[in-house]
1. Read through the list (1) modelled with pLDDT of 90 or more; (2) under 17 Å from Leu12 (Cα atoms); (3) in contact with a Lys or Arg (Cβ under 6 Å, 6 or more places away or on another chain), then give the number of the only condition that Thr36 fails.
2. Taking Gly13 as meeting all but one of (1) within 18 Å of Gly126 (Cα to Cα); (2) of a type in the set (Gly, Ala, Ser); (3) not in a strand (DSSP E or B), write down the number of the exception.
3. How many residues does the range 41-91 hold that are over 14 Å from Leu111 (Cα atoms) and in contact with a helix residue (DSSP H, G or I) (Cβ under 6 Å, 6 or more places away or on another chain)?
4. Would you mind finding the one in Ala116, Ala144 that is within 22 Å of Arg9 (Cβ to Cβ) and among the small types (Gly, Ala, Ser)?
5. What's the number of the only condition in (1) within 17 Å of the chain's Cα centre (by Cα); (2) not in a strand (DSSP E or B) that Gly40 fails to meet?
6. For a quick check of your reading: which strands (runs of 3 or more DSSP E) sit entirely within the range 53-150 and have at least 3 residues that are under 19 Å from Phe38 (Cβ atoms) and open to solvent by 30 Å² or more (accessible area, probe 1.4 Å)?
7. I'm told Arg150 meets every condition in (1) of a type outside the set (A, V, I, L, M, F, W, C); (2) more than 19 Å from Tyr66 (Cβ to Cβ); (3) in contact with a His (Cβ under 8 Å, 6 or more places away or on another chain) except one. Can you identify the failing condition by its number?
8. Which of the numbered conditions does Arg41 fail, given that it passes all the others? Conditions: (1) farther than 17 Å from Gly126 by Cα; (2) of a type outside the set (S, T, N, Q); (3) at pLDDT below 85.
Amino acid sequence: DDATWLSRRAPLGYGDSDISTFVGFGNDPTRKAITTYFRGRFTVERPADVAGLLINMMSDDGAVVYLNGMELFRNNMPAGVVTRNTLATQSLSAPEEDAYYPFRPEAAARLLVPGANLLAAELHQGDPASSDLRFDLEVIAFVAPPTPPR
């Protein structure tokens, strides 16, 4: 239930001066939360018209992204079951951690539903003592051209 979650401007995170919204990491700076969760809703009127999605994501360190409860892709994460204690497989350092990387998940358009859609991401640290966390995401829909009349 995300009814009490805040909605704020990205990038979200901590430890960098250009973060727009601070995200808490727990009480111990040497043992920060491994996983932080984010969600966003968007509306699609006619999913059949969407040919594909491009997702531009900035994530430090690793991420798993879901659309309507189905995993779309992961970045810097191990294969298999992911839990809240799963560490990212790679810890990025500047300048890569503040860059947007494009993902074009093949199944994304098929997972869209008419009306409200939910995009969720879990961001994982590579080390519980990490000094920073950063997340931002953009979704671009590609609309199929109309079918010409016969």
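The values are calculated or read from the model by the stated rules, or taken from the named source; none is laboratory data. Here the structure is a predicted model, which means the values were calculated and not measured. Quick reminder, even Gly has a Cβ in these numbers, built from the backbone with ideal geometry, and neighbours come from all protein chains shown. We work out accessible area using only protein heavy atoms, side chains counted, and drop any ligands, DNA or RNA first. Shrake-Rupley method; radii C 1.70, N 1.55, O 1.52, S 1.80 Å.
1. Here Thr36 clears every test but (3).
2. (3) is the only condition that Gly13 fails.
3. 1
4. Ala116
5. With (1) within 17 Å of the chain's Cα centre (by Cα); (2) not in a strand (DSSP E or B) applied to Gly40, the lone miss is (2).
6. Those strands (runs of 3 or more DSSP E) span 70-75, 101-103, 133-143.
7. Looking at each condition in turn, Arg150 falls short on (3).
8. With respect to (1) farther than 17 Å from Gly126 by Cα; (2) of a type outside the set (S, T, N, Q); (3) at pLDDT below 85, Arg41 is out only on (3).
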